[in-house]
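> Got a structure for you, written out below as structure tokens; questions coming shortly.
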Amino acid sequence: MSGLRAAYGQTRVLHGIDFRLEEKSITALLGANGAGKTTTLRALCGMVRTEGEVRFAGRRIEGWRTEDVVRLGIAHVPDGRGTFLHLTTEENLRLGAYTSRDKTQVAQDLERVYGYFPRLKERSRQQAGTLSGGEQQMLAVSRALMLRPKLMLLDEPSFGLAPLVVRELFSILRTINAESGVALMLVEQNAAMALNLAERAYVIETGRVVLHGSAADIKSDDAVRRAYLGY
Amino acid sequence: MEAVLLQVLAGLSNGGIYASLALALVMIYQATHLVNFAQGEMAMFATYIAWSLINAGFGYWPAFFLTVGIAFVLGVLLERLVIRPVENAPVLAVVVVFIGLLVILNSVAGWIFSYTIKSFPSPFPGALGIRYMSPHQVGALLVTLIVLALLYLFFRFTPLGLAMRAAAQNPVSSRLVGIRVGWMLALGWGLAAAVGAVAGMMVAPIVYLDPNMMAGILLYAFAAALLGGIDSPGGAVVGGLVVGVLENLLGAFVIGNELKLVVALVLIVGVLLVRPSGFFGSVQVTRV
């Protein structure tokens, strides 16, 4: 992705962001409130008007419609989790596999995500709106997994969750990445957690990349940490 | 007692027709959050198409299924060509479009087919009649129940039905799982138009065919949809049957046939005043 710019109406939010994601890697995108993290994810999958260049597996995809980007294998776990509140847990998961026509594969994938998140299996017939915040976040991750994505974009998965739940979620994310080789791009305000999980990290500020490097380097650089990550 | 039973059964038959039209209203309401005032005229127009096909020499049932198909296609086209462009327009603009559609369909039907009242055949053989119901009443009730059952199975058990429900509820998340939301809405319009067409063809032998035939029926359907809760498909069906029976009983024993339509209006006003979400509708709470 290079020179990515995006705007909501008249308001420019991103001013030329460049980064690349490696296959099967975990990348963290960090920055303060309003830096443009969420917008970056939205720009990747055609949810906001964008300029610049976005390439996925060699194809230019900027300006594509969201549903077409998704069909390439980019799953987006949006902020606010995007739960279908009035449908059951299982219906939510089946929707994740909407683009798949292979019924046996969908059934297998369903078992697989229930394996990662047994709680969802217990609640499979329950209306998704009645799930707790943590369960809905698990549901959102699972719904994205049902797509069998090559790249999964996660927008603040830790938001509003208890620390214990966050830790559980992050360890499952690591397992998912290791087992299925799906690349993860993680937007987080919880920089410490994100840097522990990620291999590489980008720090953005008011719509520009100010820093990037391996997660370990960024984590160990005290000056950087204090200046941009605030801990 | 027998007279009451007679009215209840006749009411169920009419109620089935109100239920289908109410269901069509609910389907479009769920997708657009607006009541489609042109639903009745769409059904009327489809009934004229059926009438033309029958006159052109088609048998009743071929004409019936062909009409349902044509209505579906017209519904999809209507969404794509007329409703899509005002997708993000203010509510009132869309309401005006709906009313415009109503007037246009009504006048075009009058222009093409004339305002003379025509009779419309009933396909049901005399053997279908039972002691308290005419063959057409039994047949119409059966047909509506079949349509409702098919719709239920479609929305409940097929991936496409699930995707349509998802698209109506949460378009943003639907796009994120790859659902083509625009097409789902168009399909919804197609289905609503097809269901309306069935209702039109079932009611035409009773009220006769003319461009204004659905005006009263649509009012009952509004009352039914509101009574059941405007966002509840099951509620629309129950509401339709209740309105049908209520209308017939009150018409026969209390207020007389002339004031029957008032029942619908009183129900509409009453529900909106006392319980705007109807029996089965969800109460919308907005944090401000």
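Rule-based calculations on the coordinates, nothing more; no lab input. These figures come from a predicted structure and were not determined experimentally. For neighbour counting, all protein chains shown are included, and Cβ atoms are generated from backbone atoms with ideal geometry for every residue, glycine included.
> Mind listing which chymotrypsin sites (Phe, Trp or Tyr not before Pro) in the range A:99-173 are in a DSSP loop and have 16 or fewer other Cβ atoms within 10 Å?
Working: sites: A:Tyr114, A:Tyr116, A:Phe159, A:Phe170; in loops: A:Phe159.
Those satisfying the criteria are A:Phe159.
> If you take each beta carbon of peptide A:99-107 and count the beta carbons of other chains within 10 angstrom, what is the mean? Present the calculation step by step, with values, prior to reporting the outcome.
Values: counts 3, 2, 1, 0, 1, 0, 0, 1, 0.
Mean shielding count: 1.
> OK, next. Scan chain A and report its longest stretch carrying no GluC sites (Glu not before Pro) that are both in a DSSP loop and have at most 16 other Cβ atoms within 10 Å.
A:24-198
> Continuing with this model, one more query. Between beta-carbons, use under 11 Å as the cut-off and find the net charge around A:Ser132, counting Lys and Arg +1, Asp and Glu -1.
On the way: positive: A:Arg119, A:Arg123; negative: A:Glu135.
Net charge around A:Ser132: +1.
> Run lengths n ≥ 4 of DSSP H only: what is the helix-derived mean residue ellipticity at 222 nm for the protein assembly as shown, with -39500 (n - 2.57) per run over all residues, to the nearest 500? Please report the intermediate quantities before stating the final value.
Details: 20 runs with 293 residues, N = 519.
My calculation for the protein assembly as shown gives -18500 deg cm²/dmol from helical runs alone.
> Let me ask another. By how many degrees, 0 to 90 and rounded to 10, does the Cα axis of helix A:103-116 deviate from the longest principal axis of chain A?
70
> Per the Cauchy relation, a quarter of the hull surface: what is the mean projected area of the convex hull of the alpha carbons in the range A:2-229, in nm²? Mind showing how you got there, number by number?
Numbers: hull surface 48.4 nm².
The number I arrive at for the range A:2-229 is 12.1 nm².
> Then there's this: Please compute the average number of Cβ atoms from other chains found within 10 Å of each residue's Cβ in peptide B:177-187. Present the calculation step by step, with values, prior to reporting the outcome.
Numbers: counts 19, 15, 6, 6, 3, 2, 1, 0, 0, 0, 0.
Partner Cβ neighbours, averaged per residue: 5.
> Taking only Cα atoms and a 10 Å spring cutoff, compute GNM fluctuations for chain A and point out the largest among A:Ala144, A:Ala35, A:Ala194.
Per the Cα network of chain A with a 10 Å cutoff, A:Ala35 tops the list.
> Quick one: among A:Leu186, A:Leu87, A:Leu41, which has the greatest mean-square fluctuation in a GNM of chain A with alpha-carbon springs under 10 angstrom?
Answer for the Gaussian network model of chain A: A:Leu87.
> Next question, about the same structure. By the gyration tensor of its Cα atoms, with a ≥ b ≥ c the square roots of the eigenvalues, what is the shape of the range A:60-113: rounded for a/c under 1.5, prolate for a/b over b/c, or oblate?
It is oblate, given that a/c is not under 1.5 and a/b is not larger than b/c.
> Go ahead and set up a Gaussian network model of chain B, Cα springs under 10 Å, then flag whichever of B:Pro211, B:Pro121, B:Pro233 fluctuates most.
B:Pro121
> Then there's this: What is the distance, in nm, between label points placed 7 Å from the Cα along the Cα-to-Cβ direction at B:Val4 and at B:Val91?
4.2
> Continuing with this model, one more query. Which of rounded, prolate, oblate describes the range B:21-214, given a ≥ b ≥ c as roots of the alpha-carbon gyration tensor eigenvalues and a/c under 1.5 marking rounded, otherwise prolate only if a/b is larger than b/c? Provide the component values of the computation, followed by the final result.
Details: a/c = 2.28, a/b = 1.43, b/c = 1.59.
Oblate is the answer for the range B:21-214, as a/c is 1.5 or above yet b/c matches or exceeds a/b.
> Given points 7 Å out from each Cα along the Cα-Cβ axis, report the A:Arg208 to A:Asn33 separation in nanometres with one decimal.
2.3
> Counting alpha carbon pairs within less than 8 Å and at least 6 residues apart, what relative contact order, in whole percent, applies to chain A? Display every interim value, and only then the final one.
Details: 423 pairs, mean separation 67.3, N = 231.
Relative CO of chain A lands at 29 percent.
> Another question, if that's okay. Quick one: grab the alpha carbon gyration tensor of the range A:157-231, order the square roots of its eigenvalues as a ≥ b ≥ c, and give me rounded if a/c is under 1.5, else prolate or oblate depending on whether a/b is larger than b/c.
Values: a/c = 1.90, a/b = 1.47, b/c = 1.29.
Note, shape of the range A:157-231 comes out prolate.
> Testing the spin-label approximation: label points 7 Å from Cα along Cα→Cβ at A:Ser171 and B:Ser277. State their distance in nm.
The answer from the label model is 4.0 nm.
> Using the Cα atoms of the protein assembly as shown to build a convex hull, what is its mean projected area in square nanometres?
Details: hull surface 113.7 nm².
Taking a quarter of the hull surface, the average projection is 28.4 nm².
> Calculate how steeply helix A:133-145 sits against the longest principal axis of the alpha-carbon atoms of chain A, using the helix alpha-carbon long axis, and give the answer as 0 to 90 degrees to the nearest 10.
Helix A:133-145 and the main axis of chain A meet at about 90 degrees.
> Same structure again: Only loop residues by DSSP count here, and only those with at most 10 other Cβ atoms within 10 Å; note down the trypsin sites (Lys or Arg not before Pro) in the range A:28-106 that meet that.
Working: sites: A:Lys37, A:Arg42, A:Arg49, A:Arg55, A:Arg59, A:Arg60, A:Arg65, A:Arg71, A:Arg81, A:Arg94, A:Arg101, A:Lys103; in loops: A:Arg65, A:Arg81, A:Arg101.
Of the trypsin sites (Lys or Arg not before Pro), the ones in loops of the range A:28-106 whose Cβ has at most 10 other Cβ atoms within 10 Å are A:Arg101.
> Taking the alpha-carbon distance from B:Lys260 and a cut-off under 27 Å, which lysines remain once sequence neighbours fewer than 8 residues away in the same chain are dropped?
Within the straight-line cut-off, B:Lys260 pairs with B:Lys118.
> Please list the helices of chain B that count as membrane-span-like by this rule: a mean Kyte-Doolittle hydropathy of at least 1.6 together with Cα atoms stretching 27 Å or more along the helix axis, each helix being a complete DSSP H run. Each step should come with its number before you reach the end.
Details: long enough: B:2-32 (44 Å, 1.32); B:91-113 (33 Å, 2.67); B:135-157 (32 Å, 1.76); B:181-207 (38 Å, 1.84); B:233-253 (30 Å, 1.50).
Flagged H segments are B:91-113, B:135-157, B:181-207.
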